[in-house]
Amino acid sequence: MKLKKRFVCKECGCVSNSWLGKCPECNSWSSFIEEIIEERSKKNEISSNLIKPVKIQEIQTSINDVIKLNEENLNIFFGEGLIIGSIILLAGEPGIGKSTFLFFLSNYIERNRKVFYFSGEESSVQIKKRFDRVGHDDSSVFVSNISDINSIIELCKNDKPSFLFIDSIQTTYSTDVDSGPGTISQIKKCTQLLVEFAKTTGIIIIIVCHITKSGEIAGPKIMEHMVDVVTYFESDFKNQFRVLRSKKNRFGNIDEILFFEMESKGLQLITNPSTFFIENESIEKFNGKCKTVIIEGKRPLMIDIEALVVPSSYPNPRRFSEGVELSRLNRIVAIIDKHLNENLNNYDIYLNIAGGIKTSDVGIDLAIASAIFSSKNKIEIKSSTVFIGELSLTGQVKKVYKIENRIKESEKFGCYTIYSPNDGENKIKDITFIKEIVL
Ligand code: TYD
Ligand code: MG
């Protein structure tokens, strides 16, 4: 039998043939609303403007399809610039700096291109105050507090900006949807309208979306499928460091990553990230500290690994790890125990990555083991020595990806003593080398 109406949960979009008091998907009460399904004609309708498929080689593209920003790092991040008619999601926790990023971005948009900034989060006065702190005087940003999506679209149809910023999708609403702003149906409807609008007008739309603590976008996952680019603004690192990653990019590489520092004058792009995470040491040697190079996105990043190994006064010695999973630390301690004959059972071990970086890059294993060995045995390591490699449970040092990039990055910082399983002067095979070398 053909369904004439259905019931949809206004919180999560769950569909049922009958009304339900409690949603089986999101557990909301009284959230089902009736929806009439439009009956379609049974005839196979054929569109009047039938366009034959075009041979792919014959499709015309032009450089005008891309708007270049005045900052090459941003162009590379988005994939050689911003494609006209593209729709970009900028997700992140509240307060991370999404709105500030929009101002940062507008500083690199050519002055003859209009940017319409619709904010349901802050008043125009608040936005102006922030702009005075972080913006360029001569940019063409136009601000409004309108949150009704149909009005936003109508205004843009008339004034034809090159860019439309929606801050945020949670405060934007459509009067066609009878649930409040921020609900699933509203987010879905507003995104749908914006996608259609971007594709038909060529306006580049950036939608800000808050995410919940658990990291999920507080809206339907469908939003990620609907847009062209999904970016996450994160604070992997302590204090003022921010990272912009892309999770999906229909026009570029998702390995690209941008580093920022949040200063009193807004976001500053960090073009040489390694300089931020290694200390410029005057001391030549350290006990329990060494360097390694990780890969963040596509970029090599030089970091300092610190370990402190002290006799324990606890029945169960402490294991504390910041920046690296505790299970990885425990694994490396077991490898040291087995293959270097170092019993660490009665020692507390503290491990830290300087600068507050969190990483799961396996290439730091060797550096962690060396820092622990150095601290335990009070052996100093030259601050210009770099350790790169993954440790296997058998004590072998395994090659890691992008090893050449990691070595190049070390050399860029004047570190020419590099221990890695790569061919070369200091090629190593297994962990026992730590005992042999004069550190
Ligand atoms: P904001 O962009 O408002 O975050 P979001 O839009 O993601 O909610 O950033 C807010 C934080 O950034 C706030 O804690 C203050 C800080 N901030 C600075 O440190 N310097 C600045 O120049 C600006 C504008 C904000
Ligand atoms: Mg904001």
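Structure data summary
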{"read-out": "Whole-number accessible area per residue in Å² for the chain, which is evaluated in the context of all protein chains at 1.4 Å", "value": "52 Å²"}
{"read-out": "Accessible surface of the chain [probe 1.4 Å, protein heavy atoms]: carbon and sulfur percent", "value": "49 percent"}
{"read-out": "Neighbourhood net charge (11 Å Cβ-Cβ; Lys/Arg +1, Asp/Glu -1) for L105", "value": "0"}
{"read-out": "Label-point separation in nm, K378 to L269, each point 7 Å along Cα→Cβ", "value": "5.0 nm"}
{"read-out": "Peptides ranked, highest mean first, by Cβ atoms within 10 Å: ranges 104-115, 301-312", "value": "301-312, 104-115"}
{"read-out": "In degrees, nearest ten, helix 184-201 long axis to first principal axis of the chain (Cα)", "value": "80 degrees"}
{"read-out": "Computed P(r) (all Cα pairs; the stretch 276-438; 10 Å bins; percent)", "value": "11, 45, 36, 8, 1"}
{"read-out": "Computed [θ] at 222 nm, helices only, for the chain once each DSSP H run of length n ≥ 4 contributes -39500 (n - 2.57)", "value": "-7000 deg cm²/dmol"}
{"read-out": "Highest-MSF residue in the chain out of F320, F165, F103 [GNM, Cα springs under 10 Å]", "value": "F320"}
{"read-out": "Antiparallel bridges, percent of DSSP beta bridges restricted to the chain (to nearest 5)", "value": "60 percent"}
{"read-out": "For the stretch 144-161, Karplus couplings with θ = phi - 60° (6.51, -1.76, 1.60), whole Hz, Gly/Pro x", "value": "8, 9, 5, 10, 7, 4, 5, 5, 4, 5, 4, 4, 6, 4, 6, 9, 6, x"}
{"read-out": "Listed peptides 178-184, 405-411 by packing density, highest first (mean Cβ within 10 Å)", "value": "405-411, 178-184"}
{"read-out": "Nearest 10 degrees, 0 to 90: helix 365-376 Cα axis against the chain principal axis", "value": "40 degrees"}
{"read-out": "Helix 403-412 vs. the chain, principal-axis angle (Cα, 0 to 90°, nearest 10)", "value": "70 degrees"}
{"read-out": "Column: log10 I(q)/I(0), Debye, Cα scatterers of the stretch 65-271, q = 0.07 Å⁻¹", "value": "-0.18"}
{"read-out": "Relative contact order of the stretch 276-438, defined on C-alpha pairs under 8 angstrom at six or more residues apart (%)", "value": "28 percent"}
{"read-out": "Cα point-scatterer Debye curve for the stretch 116-190, base-10 log of I(q)/I(0) at q = 0.11, 0.19, 0.23, 0.26 Å⁻¹", "value": "-0.30, -0.80, -1.04, -1.19"}
{"read-out": "Relative contact order, percent, the stretch 327-419 [alpha-carbon distance under 8 Å, six or more residues apart]", "value": "27 percent"}
{"read-out": "Rg and Dmax of the chain, Cα atoms only, in Å", "value": "27.2, 84"}
{"read-out": "Cysteines, the chain, no other Cys beta-carbon under 4.7 Å", "value": "C156, C190, C209, C290, C415"}
{"read-out": "The chain, relative contact order [Cα under 8 Å, separation at least 6], %", "value": "12 percent"}
{"read-out": "Separation in nanometres of the label points that stand 7 Å from Cα toward Cβ, at R113 and N316", "value": "5.6 nm"}
{"read-out": "Rough spin-label spacing in nm, given labels placed 7 Å along Cα→Cβ, for I56 and N70", "value": "3.8 nm"}
{"read-out": "Antiparallel bridges, percent of DSSP beta bridges restricted to the stretch 276-438 (to nearest 5)", "value": "70 percent"}
{"read-out": "Protection proxy ranking, peptides 288-295, 198-205, average beta carbon neighbours within 10 Å, highest first", "value": "288-295, 198-205"}
{"read-out": "For R250, net neighbour charge (Lys/Arg +1, Asp/Glu -1) across residues whose Cβ lies under 14 Å away", "value": "-2"}
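The values are calculated or read from the model by the stated rules, or taken from the named source; none is laboratory data. Note that the coordinates shown come from a computational prediction; the quantities given were computed from them, not determined experimentally. Note that each Cβ is placed from the backbone with ideal geometry, even for glycine, and that neighbours are counted across all protein chains shown. Calculation scope for accessible area: heavy atoms of the full protein, side chains included, ligands and nucleic acids excluded. Shrake-Rupley method; radii C 1.70, N 1.55, O 1.52, S 1.80 Å.
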